[in-house]
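The values are calculated or read from the model by the stated rules, or taken from the named source; none is laboratory data. Here the structure is a predicted model, which means the values were calculated and not measured. Here the Cβ positions follow ideal geometry from the backbone for every residue, glycine too, while neighbour counts run over all protein chains shown.
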Amino acid sequence: MDPQSTARLLRIFIGESDTHDGRPLYQAIVETLRRQGLAGATVLRGIEGFGKSSRLHTAHILRLSEDLPIVIECVDTDDKIETVLPALDAMVGDGLITLERVEVRVYRANGN
């Protein structure tokens with residue numbers, strides 16, 4: 001992915017307790033993105049949220065939830081994102097997958 005190029009931001013919203021093949025879904029998704037050669041991925045754990053069911057998931061001390069919101073973000077080219085979408089669709093049962101266009105200004109690793 002070239003700096004100052006147009007790319008896509010893939011964002012996946014799931015629950016912390018979601019699983020795929022007996023392991024956390026977020027780990028399976030990151031592994032899939034890595035195996036498909038995408039530029040990188042970040043898993044973010046939310047402190048509160050709700051989805052389609054309107055059930056509140058919170059880290060509030062008096063209402064401990066074991067299913068906090070998880071967001072996985074990945075930025076890459078249109079082609080690479082489109083290639084991985086069918087696999088993600090098959091993995092995500094309850095959740096939300098969004099795409100948006102982004103402008104990459106800096107992309108480097110190890111000082112390059």
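Output the number of the condition that L38 fails; it satisfies all remaining conditions of (1) assigned to a loop (DSSP other than H, G, I, E, B); (2) at pLDDT below 95.
For L38, the failing item is (2).
Give me a count of the residues in the range 16-51 that are touching a residue at least 12 places away in the same chain (Cβ under 8 Å) and either in contact with a Pro (Cβ under 7 Å, 6 or more places away or on another chain) or charged (D, E, K, R) (or both).
6
Inside the range 79-96, can you point out the residues that are acidic (D, E) and over 15 Å from G15 (Cβ atoms)?
Residues satisfying the conditions are D79, E82, D89.
Would you check if there is a residue in the range 94-106 being surrounded by 12 or more Cβ atoms within 10 Å (Cβ to Cβ), part of a loop (DSSP other than H, G, I, E, B), at pLDDT 90 or above and under 12 Å from the mean Cα position of the chain (by Cα)?
Yes, there is a match, as at least one residue in the range 94-106 is surrounded by 12 or more Cβ atoms within 10 Å (Cβ to Cβ), part of a loop (DSSP other than H, G, I, E, B), at pLDDT 90 or above and under 12 Å from the mean Cα position of the chain (by Cα).
When the residues of the range 12-33 are filtered to those that are of a type in the set (V, I, T) and in a helix (DSSP H, G or I), which remaining residue is surrounded by the fewest Cβ atoms within 10 Å (Cβ to Cβ)?
T32
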